[in-house]
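Here is the structure we will look at, set down as structure tokens.
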Amino acid sequence: MMSQVQMSDKERIRVVHAAEEVPWDIEVDVLVIGGGGCGLVAALAAAQKGVQVFVVEKEKTAGGNTSLSQAMVPAAGTRLQKEANVADSVEQMAQDILKKNHAGSDPEMTRHIAAHAAQLVDWLNDSQGVPFELVTDFLYPGHSTYRIHANHTRKGLHLVNNLVAAAAKFPNIDIAYNAPAKRLIADENGAVLGAEIEIKGIGTNLARAKKVILALNGFGANREMLKRYIPEMSEAYYFGHEGNTGEGILWGEALGAALESMAAYQSHGSVAHPHGTLVTWAVISLGGYQVNLQGQRFVNEYHGYSEHALDVLAQEGGVAVEIFNQRIYDAVLSYEDFQQCVTMGAIKRFESIEALAAGFGLPAVKLLETHEAFQKAAGKEAKDPQGRVEFGPPLMPPFYAVKVTGALFHTQGGLKIDQQARVLRPDGSCIPHLYAGGGTAVGLSGKAGPAGYLSANGLLAALTLGKIAGDEAGQAAASIVP
């Protein structure tokens, strides 16, 4: 069977010539391809413009990578921040992003997305019935203040369910599941006219749309694209959604779109092994640490969970043991991902460091030496050997531990877009009628590797660009006279 990468442009894009009559089965104002967070937000925004919106999702349920996330969206200047007396600004948020990615994302586009993030959160929270709260129990690495917003459970699936419920209130939004888009349909000049949709139980439908939004995710589940763009992660454990096979990027490329930052990605250095469940990075942020199988710490764990994946994978067996205590355990127990780790037996409890060493087969003398050095650093009695300066209180028994590995979460490169989320060609011109967000559009993580990813930038770009694309496509479609 021919893979997406091996398909020719002719197979990815159906070109309609001027004299050709197309037997359209469906005609809508805005077609949204992808039913994850980006697509659902785009549909809500477009529907508010009074246009007819059709969302097609290839899986049997909505969600994609958003459903696997911790539902966290950074935003500066929200109502929730103001109520909590948290001082923040768009410029401060943009500078945090640019500092983390070493100025690797377009500065103006970065500020543009940062400027729209607060509008997104307030709009979802106050107008669409999608609840958020300000996360103030810990400060994620790289953020200079409390600006992470999430639902109470810190569970992306609940965010998706709330977005689906919000969409159900709009009679002008239709959603089809088990309905993968197979090809885009464009005219001879590259203007997008619609798409071929394979709807389960019905067959191929030709959907015509005034505007098309590509709201798919990236290519984390496409091993051939990973080998092409991110070879160091092509064989790594993939924690993202299996539907992320890169079609949106390939369609855009076939239409002549510019690609940007294709070697950038988000990974995570704390996935329970072999259980394959996420251990929230709050465990580290609140004062936990990691050791390798020799009982030694190997890096400053606080530098960022994305780049930390490579540090873990570089250890013997590609694993580490994450160590924390009752205080941290209690603080993160409300997180559903962590609850899943507990339920699956990934988290082990010990009364002493020596017992922990025995439980995980670590050399007791070396682990005790490592632990004591960490305790002195946490207690401000000595400098940390790894250069860490952010700690919680020293860890008191009982202790908890979990074996973890590094994993690829999602890719950050994609189609280049403008501030209206319109897809651009290399010469800066727009591909007519085509918009992009989510993992199909380039993210905010810089040019290459995992180190440019700032905590929660994935949903920041996905949801904010979904809102921008929906607003712009909806407004443009509404202005077109039939």
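Values quoted throughout were computed directly from the atomic coordinates according to the rules given, and no laboratory measurement underlies them. It should be emphasised that the depicted structure is a prediction, and the values quoted were computed from it without experimental measurement. Ideal geometry is used to build each Cβ from the backbone, glycine not excepted, and the neighbour counts take in all protein chains shown.
Show which lysines lie in cross-link reach of K99 when reach means a straight Cα distance below 16 angstrom and same-chain residues fewer than eight apart are skipped.
Reachable lysines: K447.
What order do you get for 80-86, 336-342, 326-332 when each peptide is scored by the mean count of other beta carbon atoms within 10 Å, highest first?
The densest-packed peptide leads the list: 336-342, 326-332, 80-86.
Select from G288, I230, L424 the residue farthest towards the positive end of the dipole of the chain; place +1 on Cβ of Lys and Arg, -1 on Cβ of Asp and Glu, and compute about the Cα centre.
Going by the charge dipole, the pick is G288.
Less than 27 Å apart at the alpha-carbon level, and either on another chain or at least 8 residues along: which lysines does that give for K182?
Cross-link targets: K10, K58, K60, K200, K210, K211, K227, K416, K467.
Order these peptides, 87-96, 108-117, 460-469, 48-57, by their mean beta-carbon neighbour count within 10 angstrom, highest first.
Packing order, densest peptide first, comes out as 460-469, 48-57, 108-117, 87-96.
With a cap of 15 neighbouring Cβ atoms within 10 Å, and only residues DSSP puts in a loop, list the GluC sites (Glu not before Pro) found in the stretch 147-245.
Loop-located and lightly packed - E188, E235, E242.
How much of the pair distance distribution for the stretch 1-151 lies past 25 Å, counting alpha-carbon pairs only, in percent?
48
With the Cα gyration tensor of the stretch 197-335 in hand, give its eigenvalues times 5 under a square root as the equivalent ellipsoid semi-axes, listed largest first in whole angstrom.
Semi-axis lengths for the stretch 197-335 are 38, 18, 14 Å.
Taking Rh as the Kirkwood radius computed over C-alpha pairs, what is the Stokes-Einstein D of the stretch 265-408 at 4 °C in a medium of viscosity 1.567 mPa s, expressed in µm² per second?
This corresponds to a translational diffusion coefficient of 88 µm²/s.
Rounded to whole Å and ordered largest first, report the semi-axes of the equivalent ellipsoid of the stretch 102-196 derived from its Cα gyration tensor (root of 5λ).
Output for the stretch 102-196: semi-axes of 32, 23, 13 Å.
Taking amide hydrogens as modeled 1.01 Å from N in the peptide plane, which residues meet the under 5 Å criterion relative to G295, leaving out close sequence neighbours?
none
Once the Cα atoms of helix 364-378 and of the chain are each reduced to a long axis, what angle between those two axes, in degrees from 0 to 90 to the nearest 10, is obtained?
80
Need the C-alpha centroid separation for the stretch 410-482 versus the stretch 304-337, integer Å.
A separation of 31 Å, based on Cα centres.
On C-alpha positions alone, give me the angle between the axis of helix 156-168 and the longest principal axis of the chain, in degrees, nearest 10.
With rounding to tens, the tilt is 30 degrees.
Take every Cα pair under 8 Å in the chain that's 6+ residues apart, average their separations, divide by the length, and report that relative contact order as a whole percent.
24
Which whole-number percent is the relative contact order of the stretch 265-408 (Cα, under 8 Å, 6+ apart)?
40 percent.
Given 0.36 nm per residue, what is the gain on full extension from T61 to A314 after removing their alpha carbon distance, in nm?
Full extension of this stretch gives 87.5 nm more.
Could you pull out every one of the aspartates and glutamates with an alpha carbon less than 13 Å from that of K155, ignoring same-chain neighbours closer than 8 positions?
Reachable aspartates and glutamates: E133, E336, D337.
Could you work out the local net charge near V73, counting Lys and Arg as +1, Asp and Glu as -1, over the other residues with Cβ closer than 12 Å to its Cβ?
Here the charged neighbours net out to +1.
In the chain, what % of DSSP beta bridges are antiparallel (nearest 5)?
In the chain, approximately 60 percent of DSSP beta bridges are antiparallel ones.
Report, in whole Å, the centroid distance computed from the Cα atoms of the stretch 383-401 and the stretch 180-242.
Rounded to whole Å, the Cα centres lie 44 Å apart.
Tell me the angle of helix 37-47 to the major Cα principal axis of the chain, expressed in degrees between 0 and 90 and rounded to the nearest ten.
Computed tilt is about 40 degrees.
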